[in-house]
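For reference, the structure discussed in these notes is given below.
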Amino acid sequence: MLEYLIEIDKSVFLILNKYHNHFLDELMLIISNSKTFVPFYILLVVYFFKKYPLPKAFQLLLLFVFVVSI
């Protein structure tokens, strides 16, 4: 099963890579930049603290940090 997924991944990569599309090149550079998602993370933290009580918000924040760091 894992080999099958790796083959699909390689196929999709090669299909996308052969087009040499300037738009996709720029998009991938923007997406791969680590600073791109900082506003999303800030909004997510604000959402946690507004929606849930303080102890639950901290638990969700720690869970989120743990999952993202893996």
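Descriptive notes on the structure:
- With respect to the conditions (1) open to solvent by 80 Å² or more (accessible area, probe 1.4 Å); (2) assigned to a helix (DSSP H, G or I); (3) at pLDDT 85 or above; (4) not acidic (Asp, Glu), LYS35 lacks only one, and its number is (2).
- Single residue of LEU61, LEU44 found to be touching a helix residue (DSSP H, G or I) at 6+ places or on another chain (Cβ under 6 Å) and in a helix (DSSP H, G or I): LEU61
- Taking the conditions (1) within 14 Å of the chain's Cα centre (by Cα); (2) small (Gly, Ala, Ser); (3) surrounded by 10 or more Cβ atoms within 10 Å (Cβ to Cβ) in turn, SER11 satisfies each one other than (1).
- Positions within region 48-58 being part of a helix (DSSP H, G or I) and surrounded by 13 or more Cβ atoms within 10 Å (Cβ to Cβ), in sequence order: PHE48, PHE49, ALA57, PHE58
- A count restricted to region 59-70 and to residues that are aromatic (Phe, Trp, Tyr) and open to solvent by 70 Å² or more (accessible area, probe 1.4 Å) stands at 1.
The values are calculated or read from the model by the stated rules, or taken from the named source; none is laboratory data. None of these values were measured; they are calculated from a predicted model. Here the Cβ is made from the backbone with ideal geometry for all residues, glycine too, and neighbour counts use every protein chain on show. To get the accessible areas, we keep the full protein, side chains included, count just its heavy atoms, and leave off ligands, DNA and RNA. Shrake-Rupley method; radii C 1.70, N 1.55, O 1.52, S 1.80 Å.
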